[in-house]
Amino acid sequence: MMNLFNNILPQDRKIKDAQMRATINQKLVETGERERLKELLRTRLIECGWRDQLKAHCKEVVKEKGLEHITVDDLVQEITPKGRALVPDDVKKELLQRIRTFLADQSNI
């Protein structure tokens, strides 16, 4: 009986987490904060050279595989892990802090 109970809780937790993410995303969109965060991220990534690094990596991948042998989807799949890894921690922290501040200001979520 206990095993069944343990299997239900994580599923309920996943559903609740998904609902909360959807609610937060909706609030971000409704208030325009999502667009402001995206613009902040774009700016910070350009300032720190991330965009140039990823652009150079794209060129390397295309050169390795050959332009006629790679699709856009292949390229995206190839560069995504490196792109995520190259985002500086201070940029991630700044965005996370902005999101936390936003959530603290939204008392009705």
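The values are calculated or read from the model by the stated rules, or taken from the named source; none is laboratory data. On a predicted model such as this, the values are computed, not experimentally measured, just so you know. Counting neighbours? That spans all protein chains shown, and the Cβs are built from the backbone with ideal geometry, glycine included. These accessible areas exclude ligands, DNA and RNA; they are computed on the full protein's heavy atoms, side chains included. Shrake-Rupley method; radii C 1.70, N 1.55, O 1.52, S 1.80 Å.
Points to keep in mind about this one:
- When the helices (runs of 4 or more DSSP H) confined to segment 11-109 are screened for residues that are touching a Cys at 6+ places or on another chain (Cβ under 9 Å) and not β-branched (Val, Ile, Thr), those reaching at least 2 such residues are found at 72-86.
- Taken together, the criteria exclude residue 65 from residues that are surrounded by 11 or more Cβ atoms within 10 Å (Cβ to Cβ) and under 18 Å from the mean Cα position of the chain (by Cα).
- For segment 70-100, the tally of residues that are surrounded by 11 or more Cβ atoms within 10 Å (Cβ to Cβ) and either among the aromatic types (Phe, Trp, Tyr) or under 26 Å from residue 31 (Cβ atoms) (or both) stands at 7.
- Single condition residue 56 does not satisfy, out of (1) surrounded by 14 or more Cβ atoms within 10 Å (Cβ to Cβ); (2) at pLDDT 95 or above; (3) more than 13 Å from the chain's Cα centre (by Cα): (1)
- For first residues located in segment 14-27 and closer than 13 Å to residue 99 by Cβ, partners that are part of a helix (DSSP H, G or I) and open to solvent by 60 Å² or more (accessible area, probe 1.4 Å) and lie 6+ apart or on another chain with Cβ distances below 8 Å form the pairs 25/34.
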